[in-house]
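The values are calculated or read from the model by the stated rules, or taken from the named source; none is laboratory data. Predicted model, so just to flag it, every value in this text is computed and none were measured. Backbone-built Cβ (ideal geometry, glycine too); neighbour counts: all protein chains shown. Quick note on the areas: whole protein, heavy atoms, side chains included, nothing else; ligands and nucleic acids left out. Shrake-Rupley method; radii C 1.70, N 1.55, O 1.52, S 1.80 Å.
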Amino acid sequence: METRKTMDKINTKELAGMASLSAILLIGQVGMSYLPNIEIVSLLIYIYTQIYRRKTFFIIYVFVLLEGCIYGFGLWWFGYLYIWSILALIVLLTGKPQTSVMTTSAILGLYGLSFGFLYSIPYFFAGGWAAGFSYWVSGIPFDLLHCAGNIAVSLVCYRPVRSLLGKLCTL
C-alpha cells in the first residue's frame, strides 16, 4: 500500500479528455494568433486548473509540445515550458478556486503584464543581462496589450466557459 498520495493514475477516458483540452488550447491559440497578445489560453489554463488541479500540467505540456511541432523548437519554446505552469501554480497556490470574475480578471491581467518578464528569463541566460533586459523592455507594449486582453477576455468569457467546462468535462 502506498503511504504517500501521488497523482491519480490516468485512464483512457481521462487521457482522451486531456488530449481534447490540449487541442482546444492549441485551436484557441492558433485561431487568435493574428491578434497581438490577445488570447484565450491564459483564461483556459486558469479554468482548467480550477477544475482539474494538478492534471492541468499534462494538458499544458501536450499543448506546448504541439506548439513546438507547429512553429518549431527554438529558444522561444523553452519559455512556454514553464510560463504556463507558473499560471497553473498561481491558481493552485491561491487555494480555493476563485469564482469572482473581478478577482479572475485581476489575476489574469497581472499575469499578462508579467508575461514578458517571465518569458525573457531564457534570454537572460542565453545572452546575458543586457539581452534579457532589452528583450523584456522591448516587449512592454505587448505586455500592456496582453494585460488588457486578458482582463477583457476574462470579463466576457470567464463565467460561460467555466460553467460549460464544469458541466462537460469530468476527468
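Structural remarks
- Over the residues of the chain, the helix contribution to mean residue ellipticity at 222 nm works out to -26500 deg cm²/dmol, using -39500 (n - 2.57) for each DSSP H run of at least 4.
- Label reach from Arg159 (point 7 Å along Cα→C-beta): in the stretch 98-124, amide nitrogens under 14 Å belong to 99-105.
- Dipole of the stretch 20-171, positive end: most advanced residue of Gly95, Ile70, Phe142 [Cβ charges, Cα centre]: Gly95
- Solvent-accessible area, 1.4 Å probe, carbon plus sulfur percent, for the chain: 72
- Added length on full extension, which subtracts the Cα-Cα distance from 0.36 nm per residue, Ile10 to Leu65: 17.9 nm
- Karplus-based coupling profile of the stretch 120-128, in residue order and whole Hz: 7, 3, x, 6, 4, 6, 6, x, x, with θ = phi - 60° in 6.51 cos²θ - 1.76 cosθ + 1.60 and x standing for Gly or Pro.
- Extended-chain gain in nm, criterion 0.36 nm per residue less alpha-carbon gap, Phe142 and Ile38: 36.5 nm
- Part-to-part distance (alpha-carbon centres) for the stretch 118-139 and the stretch 17-56, which is given in Å: 25
- The residues of the stretch 52-134 expose on average 50 square angstrom of accessible surface per residue, using a 1.4 Å probe on protein heavy atoms.
- Karplus-derived 3J(HN,Hα) values for the stretch 103-108, using 6.51 cos²θ - 1.76 cosθ + 1.60 with θ = phi - 60°, are 5, 4, 4, 5, 4, 5 Hz; glycine and proline are entered as x.
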